[in-house]
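Below is one structure, written out as structure tokens; comments come after it.
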């Protein structure tokens, strides 16, 4: 194998490790090697380089995680995202109206990735950050986006999902999830009923472009002690749907009567 091929292989291995680490808070060399099929010695060398460059850290239990330094790169990239730039004023207005944390997300394989966030003014809020990867099946953002995917594509993605039960209300099989997505399409919004984080209710709505393709979703997250069905119907959902329609219109979407 020549030097060019070696470099390409190393780069491929680096991004395999980097992508896997971005989906986990902490991971060991053994876990990374097992999931990527990269020899432990190579995994160790790549991790050592990331630690030396301060993009990763190693704790006292020999577990590795990414540092916030990587956010400098991701934030620079996200600044160029047209949807993030266009949506931000509406995210801010949605927070002003609901006083709750608002997210913007896009599809990332069988997951969703947060590309925008505006925090609630309240002290208790959901722990999340731009660049975080979240499940599709137990988040309102995931449901809002995946409800509008072509059926064949959706089924292929669901084959890759690991159905982790985060709470006692988490959907844990594709059949129930598909039924949930049908409901989302019918009512025009999605719900996360404490399915991902036990003390949080979340509501999501899709964002469409001029072709009618769902390109993103926005959500409002509220802790259980500020939640009530009356508040959801009278305050949160009207504001959420208004914002999603306004953002969609910026991308040329015309809502059907």
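So the values come out like this:
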| quantity | calculated |
| --- | --- |
| Angle between the chain longest axis and helix 237-250 axis [Cα atoms, degrees, rounded to 10] | 70 |
| Between helix 69-78 and the chain: long-axis angle, C-alpha atoms, 0 to 90°, nearest 10 | 50 |
| Burial ordering of 146, 251, fewest other beta-carbon atoms within 10 Å first | 251, 146 |
| Peptide ranges 52-65, 186-199 listed from the most packed, as the mean C-beta count within 10 angstrom indicates | 186-199, 52-65 |
| Value at 222 nm in deg cm²/dmol, rounded to 500, when DSSP H runs of n ≥ 4 in the chain each add -39,500 (n - 2.57) | -13500 deg cm²/dmol |
| Global form of the range 153-228, assessed from the alpha-carbon gyration tensor, a/c cut-off 1.5 | oblate |
| Folded to 0 to 90 degrees: helix 40-52 orientation relative to the chain principal axis, Cα | 70 |
| Order of 122, 103, 111 under a 10 Å beta carbon neighbour criterion, fewest first | 122, 111, 103 |
| Potential lengthening between residue 86 and residue 23 on full extension [0.36 nm per residue; Cα-Cα distance subtracted] | 20.0 nm |
| Label-point separation in nm, residue 48 to residue 159, each point 7 Å along Cα→Cβ | 4.0 |
| Shape call, the range 73-250: gyration tensor on alpha carbons, a/c limit 1.5 | rounded |
| Relative intensity, log₁₀ I(q)/I(0), of the range 3-67 from a Debye sum that treats every alpha carbon as a point, q = 0.21, 0.29 Å⁻¹ | -0.79, -1.44 |
| Ascending count of other beta-carbon atoms within 10 Å, so fewest first, for 120, 249 | 249, 120 |
| Most to least packed among 213-222, 136-145, 226-235 [average Cβ atoms within 10 Å] | 136-145, 213-222, 226-235 |
| Label point distance in nm, residue 71-residue 185, each placed 7 Å from Cα along Cα→Cβ | 3.8 |
| Estimated inter-spin distance, residue 213 and residue 254, nm [label 7 Å along Cα→Cβ] | 2.0 |
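Each reported figure results from applying straightforward, stated rules to the coordinates on display, with no laboratory input. The structure presented is a predicted model; accordingly, all values stated were derived computationally and were not measured. Heads up, the Cβs are rebuilt from the backbone with ideal geometry, glycines too, and the neighbour counts pull from every protein chain shown.
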